[in-house]
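Written out below as structure tokens is the structure these notes cover.
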Amino acid sequence: MALCRVRQGSEIRLYGIVIAGGSGTRFWPKSRDCKPKHFLNITGDAEGGLLRKTIERLKPIIPLDRIKVVTTATQAKGVQRLVPELPRQNIIIEPCGKNTAPAIGISTLYIERENPQAVMVIVPADHYIEDEERFRERIMLCAHEAGSREVLGTIGVTPRGPETGYGYIEVAAPLDKEKAVFSVTSFHEKPDLETAKRFIAQDTFFWNCGIFIATVSSMLREMAAHLPHTYRHLMKIRSSLGTDKEAQAVTEAYGDMEAVSIDYGVMERSRNVIMVQGDFGWSDVGSWSCAAEYWPVDKDHNAVIGEIVNIDSSHCIVHSPEKVVALLGVRDLVVVNEDDALLICSKDRCQDVKKLVDLLKSQGKDRLL
């Protein structure tokens with residue numbers, strides 16, 4: 001269903017905002033500037049890339065004509081290629097990347113023009129969900145709660161361990177224990193290991209998976225309160241929409257807006273946030289090790305996309321669809337083969353692949369980026 005009953009029996013249409021501007025540097029050499037993580041099939045079952053998988057996941061509750069993809073100019077053609085049925089006017093192109101707050105802000109303005117009463121479901125383009133039906137159920141519940149209460153909504157995932165790569169959401173007593181709806185007391189940045197252990201020892205901390213749900217009016221209200229500089233520029237864009245001054249206004253606003261995430265700029269500062277517990281098998285697929293959790297695994301615990309020849313090697317990750325990889329007496333390696341580059345690293349350094357990208361940039365090797 002595409003309608004959500006939210007306040008006093010009224011039905012409000014859901015709109016989707018898919019954030020698709022990142023590059024996914026941890027997936028080099030597979031990911032490049034023109035072929036970012038969300039364009040890739042790194043989980044092995046996302047034909048057409050994670051972006052298309054994300055849109056397909058939303059379509060049963062949000063029709064395609066109400067799904068917006070916000071991206072950069074360099075990625076816009078790739079979005080059109082991967083999702084050709086998406087109306088071109090639904091691709092919102094930022095002049096430059098300024099993190100998620102401006103991206104969500106400008107998307108909110110375009111949705112406001114279509115339906116000022118809309119409830120927006122804001123999701124990253126590059127995450128993985130195992131139970132998609134349950135995902136949609138929890139999204140619909142959060143939309144109902146956020147819409148009826150006129151607050152910001154988010155989804156929190158029950159921690160599976162002391163993860164240092166995710167932010168955390170701290171909640172108070174349940175607003176609805178049966179439905180697992182909570183009032184949020186605070187957001188916490190990515191912690192060190194000891195802090196993460198302390199968090200998960202309590203039952204009031206959840207992983208922040210970057211999914212946000214709000215009415216148009218709630219989002220603009222909270223941005224005005226907590227990001228006034230950004231909000232003023234958004235209002236300049238708003239007054240230009242639909243005129244011949246729109247493109248210039250957007251460019252000028254982006255030139256002066258601060259680069260800030262919606263998490264830090266709004267969610268962490270707001271006192272009007274609720275959380276719905278998400279129990280649908282979520283992963284941000286943040287590294288080759290995370291992606292390999294969804295690949296075929298052989299008897300030696302090697303996760304492989306492609307073909308390997310193996311003697312006495314185990315617990316390796318190999319992505320080489322076009323070329324056979326021979327492993328001899330090695331363990332816990334990551335091997336990713338592309339035509340112009342080969343990555344070999346230890347599994348425990350997966351998160352550091354982005355440092356290689358930074359090194360390539362500093363050396364002027366743009367052809368590999």
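Read-outs: derived from the displayed coordinates by stated rules, not from any lab. These figures come from a predicted structure and were not determined experimentally. Every residue, glycine as well, gets a Cβ built from its backbone with ideal geometry; the counts of neighbours run over all protein chains shown.
By how many nm would the segment from Asp348 to Leu328 lengthen if fully extended, with 0.36 nm per residue of separation less the alpha-carbon distance?
Separation in residues times 0.36 nm, less the Cα-Cα distance, equals 5.2 nm.
Any idea how far apart Ala225 and Arg198 come out in nm if each label point goes 7 Å out from Cα toward Cβ?
That separation, rounded to one decimal, is 2.8 nm.
Ranked by Cβ crowding within 10 angstrom, fewest neighbours first, how are Val330, Val171 ordered?
Ordered from fewest to most neighbouring Cβ atoms within 10 Å, Val330, Val171 come out as Val330, Val171.
List His301, His226 from most exposed to least, where exposure is judged by having the fewest other Cβ atoms within 10 Å.
His301, His226
Given +1 on the Cβ of Lys and Arg, -1 on the Cβ of Asp and Glu, and no further charges, what dipole in debye does segment 288-368 carry about its Cα centre, rounded to the nearest 20?
The calculation lands at about 280 debye.
So how far apart, in nm, are the two label points at Thr158 and Val309 if each is 7 Å from Cα heading toward Cβ?
4.7 nm
Any idea what % of Cα-Cα pairs in segment 288-368 are farther than 21 Å?
Value for segment 288-368: 29 percent of Cα pairs lie more than 21 Å apart.
Determine the alpha carbon to alpha carbon distance for each of Lys30/Lys197; Lys37/Lys98; Lys190/Lys323 and list only those over 28 Å.
Violating the 28 Å limit, Cα to Cα: Lys30/Lys197; Lys190/Lys323.
Expected output is a single nm value to one decimal: the length gained when fully extending between Arg88 and Thr243, i.e. 0.36 nm times separation in residues minus the C-alpha distance. What is it?
Gain in length upon complete extension: 54.0 nm.
As an exercise, use a Förster radius of 25 Å and the Cβ-Cβ distance of Thr185 and Cys96 to find the FRET efficiency, rounded to the nearest 0.05.
Rounded to the nearest 0.05, the efficiency is 0.15.
Going out from 0 in 5 Å bins, what whole percent of all Cα-Cα distances in segment 127-237 drops into each bin?
2, 11, 18, 19, 19, 15, 10, 4, 1, 0
Hey, got a sec? Which trypsin sites (Lys or Arg not before Pro) in segment 131-180 land in a DSSP loop and have at most 16 other Cβ atoms within 10 Å?
Arg160, Lys177, Lys179
Below 14 angstrom from the Cβ of Arg134, what's the summed charge of the other residues (Lys, Arg +1; Asp, Glu -1)?
Computed value for this residue: -2.
Of Thr158, Ile55, Ile106, which is farthest on the positive side of the dipole of the chain, counting Cα position, with +1 on Lys and Arg Cβ, -1 on Asp and Glu Cβ, and the Cα centre as origin?
Of Thr158, Ile55, Ile106, it is Ile106.
Mind checking which of Cys142, Cys209, Cys345 has the largest fluctuation in a GNM of the chain, springs on alpha carbons under 10 Å?
Cys345
Test of understanding: ordering Phe187, Phe205 by Cβ neighbours within 10 Å, fewest first, what list do you get?
Ascending Cβ contact count within 10 Å gives the list Phe187, Phe205.
In whole angstrom, and with the biggest value first, how far do the Cα coordinates of the chain range along each principal axis?
Each principal axis gives a Cα extent; for the chain these are 66, 50, 36 Å.
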